[in-house]
Amino acid sequence: MLTTNNLTKTVKLPEQSLTILSEVSLTVNEHDSVAIVGASGSGKSTLLSLLAGLDTPSEGEVELAGHPIHKLSEDERAAVRAQYVGFVFQSFHLLPGLTALENVMLPIELKEDKNAHKKAKELLVKVGLAERLNHYPHQLSGGEQQRVAIARAFASEPKILFADEPTGNLDTANGDKIIDLIFELNQQLGTTLVLVTHDDRLAERCQRLVRLEAGKVVEDSVNQAQVVKGDTAQTDKVGTA
Amino acid sequence: MRGMAWRLFRRDWQSGEVKVLFFALMIAVMAMVAIGTITDRTHRAMGEQSSEFLGADYTLRTPRPIEQEWLEKGRSEGLQLTESTGFSTVLAKGDEFQLVSVTALGGKFPLKGEFEIADKPFTRGQSVQAQPEVGSVWVEPRVLAVLGAQKGDEVDFGSIQLTIAGVIVGGPGQASEMFNVAPKVYINQADVERANIIQPGSRVSYTLFIAGDIQPRENFIDWLKPQMNKTQRLTGGKEGTPALQASIERAETFLRLASLISVVLAGVAIAVAAGRFSRRHYDYAAIYRCLGMQIAQVHRLYISQLMIMGLIGSAIGVVLGLAIQQAIIVQFADFLPKPMVPMNWAPVIAGGLSGLVVLIGFALPAFFQIARVSPLRVLRKEMVPQPVSSWLIYLLAILTMALLMWWQSGSLKLVGILLGVALVAFIVIRLMAWLIFKVGIWIGKRGSTAVRYGLGQLKRYPAFTISQITAFGLAFIIMLSTVLIRSELLSEWQSQLPEDAPNHFLLNVQSAEVPTLESILAEQNVETAGIYPMVRGRVTGLNGKPIEEAVSEEAQNDGSLRRELNLTWAEDIPKANTVVKGEWWDNPEHQPDENGVYQLSIEQKLAERLGVGIGDVFEFSIGGLVVKSKITSFREVQWDSFEPNFFMILEPGALGENMATYITSFHLPLEKKSTLNTILREMPTVTIIELDVIMEQVQTILDQVTAAVEFIMLFVLLAGIAVLYAVLQASKEERVLSATLLKTLGAQTKFIRMTLLSELALLGLFSGILGVIGGEVLVSVLYQEALNIEPVLHPWFWLWVPLVAIGFICIAGWWGLKSLLKQPAHQVLRQL
């Protein structure tokens, strides 16, 4: 599903260049759930942005669903995202101008699917917001907003879902609900899951854990308990190069 | 995608995101449409009115009969043509006779406007557009008085007799014939041959009156001009009323300039609001991009929104603009010529289009920016799109302004000048903003705690602060200039044409008749502007030399030396005159000096043209007598005062009483018109010039233009407020953010309020000062260069513009902030 090879990201500063990510090679199989953890500044978010094609690597390769996205243009990457990728963000990133329903419809419409309305409604019902379809984001609580965001992320039936600290802005109770929801949908829809988190509870739920330190992968381990639970999932042990 | 653009627009509208942009756009379109249609209609109505003075769109006057070929060409163009023959002759009745100026009409006249023919002098008559019937004559009131005749009487005309069929009380040519001594009569062309009155050697002129639709008319004129020789004179409609022309042109310049300014101001507001809109939409665009939207799709989404806004805003602007112009037209319907010239759609379409042009020119760069945001912004807030080169933004805005100016003025040269001035002005204003800010900081150091905190806020982002001061200052400069110029123009017009401005002139009053005249007028409570003796004399020498030797070649050609001048004497300085150099008579006995030289006061501009100074001695030849007179003062004369005015005023005693006839002017209201009958009965040889009709028309046009000026000022003020509001909106986030941070750090609400208000007040103060300085400079430049008015300072404004600026910015700024400040900090931070 997702393969990287010697993925490196450096940024040029006035005097020197700074390596944020250094030679990361990973393979994520279909239906895997992977937690990327690490301290602040370890390069988690950068890795996520490269994996999802939001940014391009300085060196190395990323292949997403068979597309060499490191070689693609902005628009080509956008097309790959529209086709295969869903996102959940720490700060929800709902469009304030659209209702909950319209927010969820957007990615479906981008795929030119005529059933956007029906599908979006079903998803919102699934995340427990049947009563909130026509509310605008600012009329929803943080937990509700994140549920809309999750519904939106799954709306395009993505092959892979990227989540950036999805519980970061929520209290424990709401955070737990959100975690449950993500994994529930993940199970139901068979989505591959890559998430960046500080939240141990969230990391524990993943089958695999990749730990970054100063831009390098220092740990890549399989969470046996979760592998057993999700018996369809397979793991590949991949170390740092 | 369209549907989505519409949804987003609706939503952005509800959240107030696009309101400023939308209103600014509407104001621009409204101003363009209302002012465009009003000036267009007034302009054309004036053309019509001056055509009425002339009796046609054009007149062609020649000393020989009109070429047959010209007539044929004119008729083939579908024009209305009337030929006339003009000459002087004598009308007689019994023993009485009067020299008259005859116009023999070969067809319908006037082609534009109407004659007003009455049964008796100075009464209202019937409107007529025809020629007198064969055997009849229309006469001016004077003729009846001199001949002792009335309507229906027969008068001798050459070898035949004509019946007086009516008295001309109104009609074409009333204005231009002010100093035509012989009264006018109109007859039928056929009677000229019958009377056998034109002999070889008679002085005859032939006039062709031309009227018709613009296109064929101008075609014909273009065809005609090259074939004309020097003795033939073509007068176009516009030249009919030169005195009025200057005022109107000035007003039109002002209106066009002001409507342009309101558009440019609106453009600035649009640019600021669009900048804010695009910054606030980077996040959303990043989400679109993240969700897989192509750049082009995001572009389309936002450009569609912009177009939706443009179309709706322009449409509403057009409707409101039309409503406003209709309101003005209706309000002044009583004064306007009927039927009022129909509206042209061109200025409406131009106004509507200008909205889209302004939107594209000022908002497009910002909107274009939105889609260029990196999708990475969803993870990293600090990712902003590569800015479009600011040169590109300015270039587009400048091009837009140039296009609009060109559209309005039609002169590329003027556009160049205006743009150059605007560019220099912008740089100067920014520098001034910087300077005021620096001085403010320096002075503010010693200020109270509140002042220092406010300054501290402003100092944190100096570039942003200077931009805000510049934008606010610019708005104040423009608003102030508009207000000042408007009041200057209005008061100038008021003084030009006060309610009781003289509207009748009396000429040729004999000195023996002066007491009679005075008593008639006194009886009717009519006040004159003074009864002045008038003596015609020629300047023959200066300082003992013949005049040709004494002055420069240029001065020799001055009209005042080439013809006889109207000289007068006066004890006191006339009302509409001011001595600007030297002194009014200093010898109360009015004795000549030892050389027999009297004192003389000369009009300042004439003195300059002739190159003479105080102490120079003129020699006048008056009916064979030589009178010497020494210049002792220069006068400034208000020529448009409708009072008798003179280039040269001599000391009493310098001119012989018996050489003079007298002239006066007075205001005669309609209900006292019959006084003229009394005057004519008592003094049949007096010449009466009625200006009341013309002045009424002048007043009407001025009223109309005044209304337009008031409205345009409203537009400029609205556009200015839009700029202020847009800038306040655009800087709101920064303000709220720093206030929220202070709050998070534990600052008291009272302290936060003080800091914010002090910051806003200082911004107001700085931009108010900038507004006053810039406004005064701009106004004095405009006074001198564009409006020909002496510049003056306006000290009152120095106080109240900064006060208004502080008030407005504090109130509007605080109003936008206060709801946000009440919310808990984390909620505020989430909304930003």
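Taking region B:289-308 as the range and being part of a helix (DSSP H, G or I), crowded, with 23+ Cβ neighbours inside 10 Å and at the interface with chain A (Cβ under 8 Å from one of its Cβ atoms) as the test, the residues that pass are B:Arg289, B:Cys290. Kindly indicate whether any position in region B:451-459 is in contact (Cβ under 8 Å) with a residue 40 or more places away in the chain, over 24 Å from the mean Cα position of the chain (by Cα) and not in a helix (DSSP H, G or I). No, that holds for no residue.
With respect to B:Gln524, is the statement that it is touching a Lys or Arg at 6+ places or on another chain (Cβ under 9 Å), over 30 Å from B:Leu625 (Cβ atoms) and open to solvent by 40 Å² or more (accessible area, probe 1.4 Å) true?
Criteria met by B:Gln524.
Taken over region B:425-439, the criterion of being open to solvent by 50 Å² or more (accessible area, probe 1.4 Å) and either touching a Leu at 6+ places or on another chain (Cβ under 7 Å) or at pLDDT below 85 (or both) is satisfied by B:Phe426 alone. Annotation note: Cβ proximity below 9 Å between a residue of region B:732-759 that is closer than 13 Å to B:Thr449 by Cβ and a residue that is aliphatic (A, V, I, L, M) and outside any helix (DSSP H, G or I) (sequence gap 6+ or interchain) occurs for B:Thr755/B:Ala747. Scanning region A:165-205 for residues that are modelled with pLDDT of 85 or more, part of a loop (DSSP other than H, G, I, E, B), under 14 Å from A:Val88 (Cβ atoms) and not β-branched (Val, Ile, Thr) yields a count of 2.
Scanning region A:83-122 for residues that are among the charged types (D, E, K, R) and modelled with pLDDT of 90 or more returns A:Lys118, A:Lys119, A:Lys121, A:Glu122. For B:Val330, the criteria (1) over 16 Å from B:Ile27 (Cβ atoms); (2) within 36 Å of the chain's Cα centre (by Cα); (3) crowded, with 17+ Cβ neighbours inside 10 Å hold in every case but one, which is (3). When region B:81-135 is filtered for residues that are without any contact (Cβ under 8 Å) to a residue 60 or more places away in the chain, under 17 Å from B:Val185 (Cβ atoms), part of a strand (DSSP E or B) and among the small types (Gly, Ala, Ser), the ones remaining, listed by number, are B:Ala118, B:Ala130. In a residue-by-residue description of region A:123-138, the property of being farther than 20 Å from A:Leu47 by Cα, open to solvent by 10 Å² or more (accessible area, probe 1.4 Å), of a type in the set (Lys, Arg) and more than 9 Å from chain B (Cβ to nearest Cβ) applies to at least one position. Mind checking whether some residue in region A:33-41 is assigned to a helix (DSSP H, G or I) and either facing another protein chain (nearest Cβ under 10 Å) or closer than 30 Å to A:Ala225 by Cα (or both)? Checked against the condition, which is being assigned to a helix (DSSP H, G or I) and either facing another protein chain (nearest Cβ under 10 Å) or closer than 30 Å to A:Ala225 by Cα (or both), region A:33-41 yields no hits at all. In region B:68-80, the residue that is farthest from B:Gln189 (Cα to Cα) out of those that are in contact (Cβ under 8 Å) with a residue 40 or more places away in the chain and out of contact with any Gly (no Cβ under 9 Å at 6 or more places or on another chain) is B:Lys73. Of the listed requirements (1) farther than 18 Å from B:Leu234 by Cβ; (2) exposed (fewer than 15 other Cβ atoms within 10 Å of the Cβ); (3) in contact with a strand residue (DSSP E or B) (Cβ under 9 Å, 6 or more places away or on another chain); (4) modelled with pLDDT under 90, B:Val134 misses just one: (4).
Per the listing A:Ala100, A:Ala173, the residue uniquely open to solvent by less than 10 Å² (accessible area, probe 1.4 Å) and either within 13 Å of chain B (Cβ to nearest Cβ) or of a type in the set (A, V, I, L, M, F, W, C) (or both) is A:Ala100.
When the criteria are applied in full, B:Arg7 meets the requirement of being within 22 Å of A:Leu106 (Cα to Cα) and surrounded by fewer than 24 Cβ atoms within 10 Å (Cβ to Cβ).
Within region A:8-25, being in contact with a strand residue (DSSP E or B) (Cβ under 6 Å, 6 or more places away or on another chain) and either in a loop (DSSP other than H, G, I, E, B) or crowded, with 23+ Cβ neighbours inside 10 Å (or both) holds for A:Leu21, A:Val24. Does region B:164-210 hold any residues that are outside any loop (DSSP other than H, G, I, E, B), open to solvent by less than 20 Å² (accessible area, probe 1.4 Å), among the small types (Gly, Ala, Ser) and at pLDDT below 90, and which are they? Answer for region B:164-210, where residues must be outside any loop (DSSP other than H, G, I, E, B), open to solvent by less than 20 Å² (accessible area, probe 1.4 Å), among the small types (Gly, Ala, Ser) and at pLDDT below 90: B:Gly170, B:Ala195. How about region A:47-91: which of its residues are open to solvent by 10 Å² or more (accessible area, probe 1.4 Å), at the interface with chain B (Cβ under 9 Å from one of its Cβ atoms) and under 16 Å from A:Val24 (Cα atoms)? Listed by number, the list holds a single entry, A:Asp55.
Restricting region B:265-288 to residues that are away from every other protein chain (no Cβ under 14 Å) and among the charged types (D, E, K, R) leaves a set whose member that is least open to solvent (accessible area, probe 1.4 Å) is B:Arg276.
The values are calculated or read from the model by the stated rules, or taken from the named source; none is laboratory data. Remember, it's a predicted structure, so these values are computed and weren't measured experimentally. Ideal geometry is used to build each Cβ from the backbone, glycine not excepted, and the neighbour counts take in all protein chains shown. Note: areas computed on protein heavy atoms with side chains; ligands, DNA, RNA excluded. Shrake-Rupley method; radii C 1.70, N 1.55, O 1.52, S 1.80 Å.
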